[in-house]
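Novice: Please read through the structure below; I'll follow up with questions.
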Amino acid sequence: MQYISTRATGNGGEKRTFSQILLEGLAPDGGLYMPVSYPSVSEQELDAWRSLSYAGLAFEILKKFADDIPEADLRALTEKTYTAEVYKNVRPGDDAAVITPLRTLEDKDGKKLMLMGLSNGPTLAFKDMAMQMLGSLFEYELKRQDTELNILGATSGDTGSAAEYAMRGRKGIRVFMLSPYQKMSAFQTAQMFSLQDPNIFNIAVKGVFDDCQDIVKAVSNDLAFKARQKIGTVNSINWARVVAQVVYYFRAYLMATGNSRQKVSFTVPSGNFGNICAGHIARMMGLPIDRLVVATNENDVLDEFFRTGVYRVRGSAETLHTSSPSMDISKASNFERFIYDLLGRDSQRVAQLFRQIEVKGSFDLSGRPGSDGDEFAKVGQFGFESGKSTHADRIQTIRFVEKAFGITIDTHTADGVKVAREHQQADVPMIVLETAQAAKFNETINEALGRDADRPAGFEHLEELPQRFTLMPVDAAEVKQYIAEKTGL
């Protein structure tokens, strides 16, 4: 399996292996890595995978993408990562050994609505599903190369804590995590800033998530600094993280169906397009997915594109601070991967459109006079649809799910459930991917239900712990100086 940049030029660009791109984020040309071609999965393989554990399924899928890692080593890594002990924070009645329990919420008039639990890991968010695997892969590869890695990441809330908990104490790894100052929930903030591990550095940026993400890209595009400081990333621009998320789409499908000819649909709360990009990859591999429904909050850049064909990023001043803050994103990093496929893998056009974003702030594929192309007409071939949820919607949905099913869902999952119920079809199960546990967004749960959300053991007094972070302006140069000081390089 070889990989290439979405912006590769000249003889198709340099092709690289999984291990060669594992520790990287952006490609040197500013693009994102993609496989030269997607591996395919047959009906026979799908049926054979029904009896596998989550770790076993992860091995079967990852080996298709990481074929330069010895199979015995890769199997050992998946078995070490996906254990009941790591994913122990399950709801009462769920089995931790299942890793990703699947619940049926509604089943009437031929319409089935299901919820896949992805938040049983150490930070109570779906990001743990991939980040724990990424930590294992990083540690393995760094040992193979006898080198170190300085991880630079940006978070709107959950990526940061998942990365820090996955990397804390690992040999040869430091984490520099940028987050928007006072834009996360109290729980999310405390999860990150209370860590005292010497290899964890939290940087609170006086801006929004997109400012943090832009700094990460600016640092990564300084190739000399990136090489000298051995900079890598855990954001979903890292291919390994996205492909680790592909696994739970297959898992959900296998748990929801009885044979490999039935189709399902997924609704995915999305801001940075990483989670649902994994669903796109699974569908391209042959998983029988009917539709992939993007659920956004009031920051509806993605919903606007899937309704109109216009991708229009917002500036910091236009990016709203909402009660589903992990989706307060107005520039979706992973969207470039889908556009690459939508444009028939025309890397020259991809590079042109995303350079245009930096100048004009938008591109238009609607096919209307003066637009940049007409590929929006092909979006349906990839199964994509979208919807939007507001604060009032998520309050109402949290109350509905609690009353009807006895389950307390978080604000982002509420966005997903609201949009999913608008896109259900008869005889095609709709699976909502859970984003996090409700305790991470207690302020809104209290508003909706008049009580605090339940917390798993060990999280009772999290916000009371001492916090450690460095406050900085929106300035890539200052972040680079800080990294250099802490690494001594």
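Novice: Could you tell me which of the pairs Lys108/Lys418; Lys217/Lys486; Lys112/Lys388; Lys108/Lys263; Lys63/Lys217 are separated by over 25 angstrom between their Cα atoms in the structure shown? Before the final figure, lay out the partial values.
Specialist: Values: Lys108/Lys418 17 Å; Lys217/Lys486 20 Å; Lys112/Lys388 21 Å; Lys108/Lys263 18 Å; Lys63/Lys217 29 Å.
From the list (Lys108/Lys418; Lys217/Lys486; Lys112/Lys388; Lys108/Lys263; Lys63/Lys217), the Cα-Cα distance tops 25 Å for Lys63/Lys217.
Novice: Here's something else I'd like to know. At 7 Å along Cα-to-Cβ for each site, give me the label-to-label distance between Arg261 and Thr308 in nm.
Specialist: Between Arg261 and Thr308, the simple spin-label model gives 4.3 nm.
Novice: Taking Cα centroids, how far is region 1-55 from region 74-99 in Å?
Specialist: That distance is 25 Å.
Novice: May I pose another question? I need two numbers for region 74-115: Rg to one decimal and Dmax as a whole number, Cα atoms only, in Å.
Specialist: Expressed in Å, the Cα Rg and Dmax of region 74-115 come to 14.4, 45.
Novice: If you don't mind, another one. How many times 2.2 N^0.38 Å is the alpha carbon radius of gyration of region 1-119?
Specialist: Cα-based Rg divided by the globular estimate yields 1.37.
Novice: Once the principal axes of the Cα atoms of region 159-222 are found, what is the range along each, listed largest first in whole angstroms?
Specialist: 32, 28, 15
Novice: Let me ask you something else. Need one word for region 383-429: rounded, prolate or oblate. Basis is the Cα gyration tensor (sqrt eigenvalues a ≥ b ≥ c); a/c below 1.5 gives rounded, then a/b vs b/c decides.
Specialist: It is oblate, given that a/c is not under 1.5 and a/b is not larger than b/c.
Novice: Still on this structure, I have one more. For Ala224 and Arg345 in the same chain, what is the full-extension length gain: residue separation times 0.36 nm, less their Cα-Cα distance, in nm?
Specialist: 40.7 nm
Novice: Continuing with the same structure: When all C-alpha to C-alpha distances in region 333-376 are sorted into bins of 10 Å, what percent of pairs does each bin hold, rounded to whole numbers?
Specialist: 29, 62, 10
Novice: Label the chain by shape, choosing from rounded, prolate and oblate, from the square roots a ≥ b ≥ c of the eigenvalues of the Cα gyration tensor; if a/c is under 1.5 it is rounded, and otherwise prolate applies when a/b is larger than b/c, oblate when it is not. Display every interim value, and only then the final one.
Specialist: Details: a/c = 1.19, a/b = 1.09, b/c = 1.10.
Here the chain falls in the rounded category.
Novice: Roughly how many nanometres apart are two label points built 7 Å out from the Cα toward the Cβ at Lys486 and Gln182?
Specialist: 2.3
Novice: I would also like to ask the following. With +1 on the Cβ of every Lys and Arg and -1 on the Cβ of every Asp and Glu, and nothing else charged, how large is the dipole of the chain about its Cα centre, in debye rounded to the nearest 20? Spell out each step's value before the answer.
Specialist: Values: 56 positive and 63 negative charges, 89 e Å.
The calculation lands at about 420 debye.
Novice: Would you report the distance distribution of C-alpha pairs in region 296-416 as whole percents per 10 angstrom bin, up to the bin with the largest distance?
Specialist: Final binned percentages: 13, 38, 29, 15, 5, 0.
Novice: Ranked highest first by average number of other Cβ atoms within 10 Å, how do 116-129, 443-456, 77-90 line up? If you can, show how the numbers build up before the last one.
Specialist: Numbers: 116-129: 26.4, 443-456: 16.4, 77-90: 18.5.
Peptide ranking by packing, descending: 116-129, 77-90, 443-456.
Novice: Something else: Considering the zone a paramagnetic label at Leu320 would reach in this model (a point 7 Å from Cα along the Cα-to-Cβ line), which residues of region 384-403 have amide N under 16 Å from it?
Specialist: Only 387-397 pass the distance filter.
Novice: Which of Lys15/Lys480; Lys88/Lys440; Lys183/Lys331; Lys143/Lys171 have a Cα-Cα distance over 19 Å?
Specialist: Lys15/Lys480
Novice: Under 16 Å from the Cα of Lys206, which aspartates and glutamates turn up, not counting those fewer than eight places away in the same chain?
Specialist: Asp214, Glu318, Asp328, Asp475, Glu478
Novice: Another question, then. When the chain is fully extended, how far beyond the present Cα-Cα distance does His461 get from Asp73, taking 0.36 nm per residue of separation?
Specialist: Working: separation 388, 0.36 × 388 = 139.68 nm, distance 3.87 nm.
That pair, His461 and Asp73, stretches by 135.8 nm at full extension.
Novice: For Ala426 and Gln352 in the same chain, what is the full-extension length gain: residue separation times 0.36 nm, less their Cα-Cα distance, in nm?
Specialist: Details: separation 74, 0.36 × 74 = 26.64 nm, distance 4.12 nm.
This chain segment gains 22.5 nm when fully extended.
Novice: Something else: Over region 50-201, what is the relative contact order in percent, taking alpha-carbon pairs closer than 8 angstrom and at least six residues apart?
Specialist: Taking the mean separation of contacting Cα pairs over the length of region 50-201, I get 15 percent.
Novice: Let me ask another. Would you list Leu223, Leu26 from fewest to most Cβ contacts within 10 Å?
Specialist: Lowest to highest Cβ neighbour count: Leu223, Leu26.
Novice: Rounded, prolate or oblate: which fits region 430-489 when a ≥ b ≥ c are the square roots of the eigenvalues of the alpha-carbon gyration tensor, with rounded for a/c under 1.5 and prolate only if a/b beats b/c?
Specialist: It comes out prolate by the Cα gyration axes.
Novice: Using helices alone, I'd like the mean residue ellipticity at 222 nm for the chain: each DSSP H run of four-plus residues gives -39500 (n - 2.57), total over residue count, nearest 500.
Specialist: The per-residue figure over the chain is -12000 deg cm²/dmol.
Novice: Something else about it: On the first, second and third principal axes, largest extent first, how far apart are the outermost C-alpha atoms of region 211-320 in Å?
Specialist: 51, 33, 20
Since every read-out is calculated from the coordinates, none of them should be taken as a lab result. Remember, predicted model here, so these are calculated numbers, not experimental data. As a convention, Cβ positions derive from the backbone with ideal geometry for all residues, glycine included, and neighbour counts pool all protein chains shown.
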